[in-house]
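The structure appears below as structure tokens.
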Amino acid sequence: MMTPRTIVIVGVVAALLLPAAALAARRVIHGPAGGGSGTVDITLVAKKGSVKKLTRFEFNNIPATCVGYPPTATSGTFPHTIQVGTDGKFHTKVKQNGGRVTYSVSGHFTTQDKAAGTLRIKGSVAGCATADTGKVHWSAKHN
């Protein structure tokens with residue numbers, strides 16, 4: 001029969017033997033986008049030192065032109081998980097708002113703590129039916 005002390009020791013030894021790299025780690029990286037006050041926030045899952053997927057890609061206050069109206073800015077979140085290739089690259093394009101706006105993003109990770117890429121939002125956003133951010137460069141890192 002095992003004593004409580006033996007059970008604790010066995011549990012500690014088992015935990016130490018479990019390789020930490022095999023556990024998936026969730027990280028958040030943040031950075032500028034499009035100059036000015038635009039930003040991106042990315043939640044990612046990394047395993048064994050490489051990024052496997054993005055569970056959240058959020059963009060905030062991205063400058064956009066609005067045909068016939070003053071410039072505007074837009075914010076939003078991609079609606080689904082974005083897979084990252086073994087080479088650290090990712091790309092996705094989705095239609096939102098009943099198909100009236102298209103979100104496009106691509107990027108690459110240089111480490112699990114640092115990424116860069118481009119973003120484009122085109123279509124109907126709050127306050128503008130014809131918004132276009134053009135190709136916006138972004139970068140993000142873990143602080």
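The values are calculated or read from the model by the stated rules, or taken from the named source; none is laboratory data. Since this is a predicted model, take the numbers as computed values, not measurements. Reconstructed Cβ throughout: ideal geometry from the backbone, glycine too, with neighbour counts over all protein chains shown. Accessible surface is based on the protein model in full, side chains and every heavy atom, while ligands, DNA and RNA are left aside. Shrake-Rupley method; radii C 1.70, N 1.55, O 1.52, S 1.80 Å.
Residue-wise test of (1) under 20 Å from residue 132 (Cβ atoms); (2) free of Cβ contacts under 8 Å to residues at least 60 places away in the same chain.
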{"position": "43", "(1), (2)": "no, yes"}
{"position": "48", "(1), (2)": "no, yes"}
{"position": "51", "(1), (2)": "no, no"}
{"position": "55", "(1), (2)": "no, yes"}
{"position": "59", "(1), (2)": "yes, no"}
{"position": "65", "(1), (2)": "yes, no"}
{"position": "72", "(1), (2)": "yes, yes"}
{"position": "78", "(1), (2)": "yes, yes"}
{"position": "85", "(1), (2)": "no, yes"}
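Looking only at region 109-124, which residues are touching an Asp or Glu at 6+ places or on another chain (Cβ under 9 Å) and open to solvent by 80 Å² or more (accessible area, probe 1.4 Å)? Selection gives 120, 122.
Within the option set 6, 74, being at pLDDT below 95 and among the β-branched types (Val, Ile, Thr) holds for one residue only, 6.
Residue-level analysis places residue 63 outside the set of residues that are open to solvent by 80 Å² or more (accessible area, probe 1.4 Å) and not polar (S, T, N, Q). Condition first: open to solvent by less than 20 Å² (accessible area, probe 1.4 Å), of a type in the set (Gly, Ala, Ser) and part of a loop (DSSP other than H, G, I, E, B). Now tell me which residues in region 74-89 satisfy that. Within region 74-89, just 88 meets the criteria. Of 36, 49, all but one fail to be open to solvent by 20 Å² or more (accessible area, probe 1.4 Å), at pLDDT below 95, farther than 15 Å from residue 114 by Cα and not β-branched (Val, Ile, Thr); the exception is 36. Set side by side, the residues 105, 94, 101 differ, and just one is of a type in the set (A, V, I, L, M) and within 15 Å of residue 39 (Cα to Cα), which is 105.
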